[in-house]
């Protein structure tokens, strides 16, 4: 058993109105001082529950029904509330995902740091303050002394997470549980924070339990890892071995689903069978004459864009400027230049990948193309003719049908109050693509088939489906308008790795089948690698580089691009490629 | 403010024929015309409006139709009564409401918490006047402990008449103040409870607990302080509610305050009084809103820094 | 059939919680009873208190039937004009409910419409609507209601007074309540508006009115319903208060508030029933509406349970 932490047969139950729900089942885990252990799994795997159980903060009505947690030899579950609370901070601490909400916005960081230090020691104010400053410096905050009097919102995201880590450290705990600590941060900042964690584990001998869904992060800094699925432990061991030579089928499937940076595969190998989305009898339900072949034929009918000369979409010198609102007077406030001088081309049947971090302007680009946002300068040409911009684009302009979009958040891209049939049927009805109601139903059912959903889904509502399934429905909705150009704005960023692989496979298949031209936007370089033929990089509204995909990933020419590539946590080191 | 004065003026000028109301039916047409001329009712609207504004600013509020007295005088007469009543009720509502809110937020079950919750539910459902009547019945009629109408003993300080300095005065104040305070109290309590519950669920509270900060500090230093921000706005609004509902309370208890004045003016369609009251109330609200904004500034560093940055 | 019911019971949160909460059920029962009683007052009540011929001043001040000197004809006594109190309460409750419901409906339509538009279009429309709302918000509801009432009295010629009084009252209360709906609708619309399904509809080129009605409106109904029940309670309260003060319903159609006012005058002389029964009815009605409102709020916001 681990000298620092030993978890045996841990099981947590939640009573719900549907019966007893088992959040985690029979988990075993051990940790030595100074070791970084990763807990990886997709959503719902129970990783956060393990963290909550160890620190004794399982949200009610959950409870530990079986098993033991031993910290430095002391058994935890039986402790009284008071005794447990004494351990928090002193022995175990925890940090959360979002640095913004983790700090009290109304108190200075000095206040929060000093209070925490004095809670667990007898230091007077001045001594505590000095310790606090030292800690801030240790976590890499410059000018710590002068920044003590500042408030949380005055720090940037990465800095804030450092403050959070400093706060967790100031009680000198032996174990820190980090629940998705870098998920909300940009790649560059993420690299720095991970570095910090590694240093702390090494220098101070603090044990870390790192909970994340991101396999790249696991590969970067963990010494050992446990793979979780559905509350159960699938596999565990040294990281290099688990990720490099997985023994369990699930781990193998998971690793196969992770997009690689170093080469573009035709398809993701899908070892995991799809979970059936509906009970079996319902799977057999069909609409008269509906099938995926029908859908393919029908969709191909509309696609009259033969291989003509010239790009499908051409953007020239696009500028988009937003004005912030002035608080007390009318008139314009400060100018924010979201996009400056963007020019790019998408050729027929090609996928152009747009890489950019948050704030790069990538979403603004998408919105400008579809007419939701009005550029202040520049032009956009579609199929050779100029597109009216912003509000000037009439609601009946033909481009509205030919350009379609798939969004990022599957939970808000479908109207929760409408049936799937109506959601997918709306473009058909609006663009007058079917002769009558019967044909419309047939088309809807067929397209659902095509995207891998059971036809019966059309009678249901969005909330009855998971994220991946909803994204398929969103893709169906985009397809049904028979578009020539598809914009995908981070379509898989909100999905688990294995689901992401399925959706990306679907997109690849559809693109090949219908010769769609796609603008694929993502911050995840590996995903872009897998999907694109051409690539552009955006930073703070400017185009940094534009190249074809293979050349770019082999040898990017721009300094910023090189840095991005270097900072992306990759599995290459581990797998020796 | 401007909007409100415009509204008041519109009321004044266009509603009803002031002259007809003022002089009764018997005066001749010529006399009416003369009066009109004298009052300046025939001048262009803009001129009348500016005169109206000018009058307001200098404190000349015109005359009441009903009593023929200068309105300014009438208001000054009545103001202390309402202000004292309002002040005491607000105090009651805050002193009881806030602690009760905190208690029920932290303790989700248990007999005391549930009793308080049920009581407040009933509290918001009882119209103010019913409470007043009930209190009168119990304490005034049956038990005979407390006076049930009028202001009781007042002591004059300058032009301000106060209840506070005599026992009799204080006793007369109790029932109306409680009546007025109950509704506000329940509102405050519910709000504090709901805000605190929201705050207790945030990440930074969880983080504070994870760091081992003792619960007492977490509750008071962190949770309560963060809940206060929206509570302050509501307290500001409440002050307004107090002024509004004082109308009812004053009516029930025959308390000679501004509310009763306003009520009479409605009953008798006494337009000038109505419009002046309107303007005054708006003024009070504007002041309250200003104070609330200032308080926000002091308490929430985010607001402070945003203002400094721009 | 049974499994279908069982599934609905579990899956539909509203129904599930409702069946689990006896308090909500009792409140709903009371609310339903009062609604039914009030609606069918003409059928249920022993007499019609509005009909001047049906009562006799000689019958006034008869105490409830179980007290001696009581009269079985008048189950809970009569008022100062000889009207049967039970009938008066039934009719009065009906009136209160009527005014309450119609003013809330008025406020809801006006407020939601404006709030939706302000939230969706933003910009100047939003600023205008919000300024108006702010100005109005600085006046508490009762003042607004009183004012509108007073102004109306001034404007309308005296003869038509009584007939239009109910309409005036409804509009007055409605005007004082629309702001709640508008603010909530606007806030919710802001949230929904940036969601991707709305963007999808806009990209397609759907007409804004259609987007607001079909896409956004169904998704913001939740909070609006909470406001609706809360405001219903407030509306009933306001109507009662205004009638109590004598500036509400016309004098020949007493509502609960009027009855209470009448009763207050006689409280010192011992005719307690004229005040107690209408008060109790009023309180019970409002409490049940409030409980329902709380219930909706709890359904909407899981953390409160």
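Laboratory data are not the source of any read-out in this text; all were calculated from the coordinates shown. Just so you know, these numbers come straight off a predicted model, no measurement behind them. Note: ideal-geometry Cβ built from the backbone for every residue, glycine included; neighbour counts use all protein chains shown.
Centre-to-centre, using Cα atoms only, segment A:19-75 and segment A:483-512 are separated by 34 Å.
Using the Cβ-Cβ distance between residue A:66 and residue A:123 with R0 = 35 Å, the FRET efficiency computed as 1/(1 + (r/R0)^6) comes to roughly 0.30.
For segment A:335-373 and segment C:242-262, what is the separation of their C-alpha centers, rounded to whole Å? Cα centroid to Cα centroid, the span is 66 Å. Which angle between 0 and 90 degrees, to the nearest 10, do you get for helix A:467-479 versus the longest principal axis of chain A when only C-alpha atoms count? Taking Cα atoms only, the helix is inclined about 20 degrees. Distance from the alpha carbon centroid of segment A:536-559 to that of segment A:142-202 works out to 30 angstrom. Shown here are the Rg and Dmax of the Cα trace of segment C:161-233, at 16.5, 54 Å. Spin-label model, residue A:463 to residue B:216: label points 7 Å out along the Cα-to-beta-carbon direction sit 4.3 nm apart. Relative intensity of segment A:365-498 on a log10 scale, I(q)/I(0) at q = 0.16 Å⁻¹, equals -0.86, per a Debye sum over C-alpha point scatterers of equal strength in the absence of solvent. With a Förster radius of 35 Å applied to the C-beta separation of residue A:82 and residue A:252, the computed FRET efficiency comes to 0.15.
Here the contact order of chain A, divided by its residue count and restricted to Cα pairs under 8 Å and six or more residues apart, works out to 15 percent.
Across segment A:95-213, Cα-Cα distances exceeding 19 Å account for 43% of all pairs. Along Cα→Cβ, 7 Å out, is where each label goes; now give me the distance between the ones at residue A:8 and residue A:419 in nm to one decimal. So the label points at residue A:8 and residue A:419 sit 5.6 nm apart. Its relative contact order, with pairs defined as Cα atoms under 8 Å and 6+ residues apart, puts segment A:444-515 at 28 percent. Projecting label points 7 angstrom from Cα along Cα→Cβ for residue A:513 and residue A:156 puts them 4.5 nm apart. When a/c is below 1.5 the answer is rounded, else prolate if a/b is larger than b/c, else oblate, so apply that to segment A:34-102 with a ≥ b ≥ c taken from the square roots of the Cα gyration tensor eigenvalues. Rounded, because the longest to shortest axis ratio a/c is under 1.5.
The C-alpha atoms of chain A define a longest principal axis, and helix A:420-430 lies at about 40 degrees to it. The angle between the Cα long axis of helix A:292-302 and the main principal axis of chain A comes to about 60°, on a 0 to 90 degree scale.
Panel order for B:200, A:531, B:189, by other beta carbons found within 10 Å of each beta carbon, from fewest to most: B:200, A:531, B:189.
Annotation: the residues A:411, B:137, sorted from fewest to most other C-beta atoms within 10 Å of their own C-beta, follow the order A:411, B:137.
With R₀ set to 60 Å, the beta-carbon distance separating residue A:358 from residue A:438 gives a calculated FRET efficiency near 0.85. Neighbour counting of Cβ atoms within 10 Å sorts the residues A:48, A:43, fewest neighbours leading, into A:43, A:48. Expressed as a fraction of 2.2 N^0.38 Å, the C-alpha radius of gyration for chain A is 1.06.
For segment A:447-577, the Kirkwood hydrodynamic radius from C-alpha pairs, put into Stokes-Einstein at 20 °C and a viscosity of 1.002 mPa s, yields a diffusion coefficient of 130 µm² per second.
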